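Working notes, beginning with the structure itself.
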């Protein structure tokens with residue numbers, strides 16, 4: 001197995017291995033897992049694997065989760081199909097900086113995404129290192145967000161296009177989750193900035209320490225949240241990957257955000273993603 005870093009702070013390309021073999025080889029899988037913790041997102045080319053092998057590899061990390069809105073492969077539950085063609089409407093869920101499914105009480109631990117069909121140009125995906133984004137915050141900001149918690153909503157994102165009754169039913173099934181603004185990575189111990197495009201507001205900001213007058217809270221609290229969310233947009237924290245058929249990305253959803261660049265319409269882009277059930281952030 002050969003590992004080549006792609007940027008200073010995030011991302012490495014792995015070559016010389018097959019993920020189909022890694023699904024059954026404990027030593028090889030252990031090396032991949034260690035590399036993932038170090039680099040946060042791994043990229044591989046020429047992984048001509050079956051859907052069953054894709055699922056088998058992802059399940060080495062843990063059980064897979066389904067998605068309530070995106071469709072899964074009927075023969076492989078948990079393998080979400082992200083299929084876009086010439087007639088697909090503009091998508092505002094992927095082309096924003098986000099950490100997958102933080103509207104869940106226990107968001108995914110990570111994901112394994114394989115390219116089936118890609119445009120001749122465009123359709124790249126970017127990832128950002130949110131541990132580095134936290135580490136570089138000014139000390140007074142770190143102090144002000146220590147202990148803050150925030151809400152994350154599927155209703156305000158995936159539900160926004162739905163009819164009211166559908167949207168409310170979705171929220172009833174998946175009530176807004178509350179997470180710490182700064183989470184601790186359960187394996188590395190890193191502090192990670194944990195707000196993103198699914199985050200709607202702080203839940204414990206309106207205290208005497210933070211709010212003297214109404215504008216300290218609104219728009220003051222909202223401006224702080226937007227500042228924190230915008231940290232993913234800093235190029236020094238990012239890596240960008242150009243897809244080819246049978247390329248694979250494996251990312252740690254606990255310490256990264258990603259952005260699917262929607263610059264390829266009207267062409268075809270078909271991806272399949274296995275999301276791995278995670279733990280509750282603390």
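Computed quantities for the displayed model
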{"item": "Given [x] 13.9; [y] 22.3; [z] 15.3, the label whose value is mean projected area of the Cα convex hull in nm² derived from this model", "result": "[z]"}
{"item": "Rounded if a/c under 1.5, otherwise prolate or oblate - the range 109-196, Cα gyration tensor axes", "result": "oblate"}
{"item": "In degrees, nearest ten, helix 220-229 long axis to first principal axis of the chain (Cα)", "result": "20"}
{"item": "Prolate/oblate/rounded label for the range 221-282 (Cα gyration tensor, a/c 1.5)", "result": "oblate"}
{"item": "Computed [θ] at 222 nm, helices only, for the chain once each DSSP H run of length n ≥ 4 contributes -39500 (n - 2.57)", "result": "-6000 deg cm²/dmol"}
{"item": "Distant alpha-carbon pairs in the range 173-214 (separation over 15 angstrom), percent", "result": "58"}
{"item": "Degrees, to the nearest 10: 26-39 long Cα axis against longest axis of the chain", "result": "40"}
{"item": "Helix 164-173 vs. the chain, principal-axis angle (Cα, 0 to 90°, nearest 10)", "result": "80"}
{"item": "Rounded, prolate or oblate (a/c below 1.5 giving rounded, otherwise prolate when a/b exceeds b/c) for the range 129-267 by Cα gyration tensor", "result": "oblate"}
{"item": "5 Å-binned pair-distance histogram of the range 1-135 (Cα, whole percent)", "result": "2, 8, 16, 21, 22, 19, 10, 3, 0"}
{"item": "Exposure proxy ranking, count of Cβ atoms within 10 Å, fewest first, for 113, 28", "result": "28, 113"}
{"item": "Relative contact order (percent, whole number), the chain, Cα cutoff 8 Å, 6+ residue spacing", "result": "36"}
{"item": "Value of relative contact order over the range 133-193, rounded to a whole percent, pairs C-alpha under 8 Å and six or more apart", "result": "41"}
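We did not get these values from a lab; they are worked out from the coordinates using the rules stated. Not measured: the values here are computed from a predicted model. Note: ideal-geometry Cβ built from the backbone for every residue, glycine included; neighbour counts use all protein chains shown.
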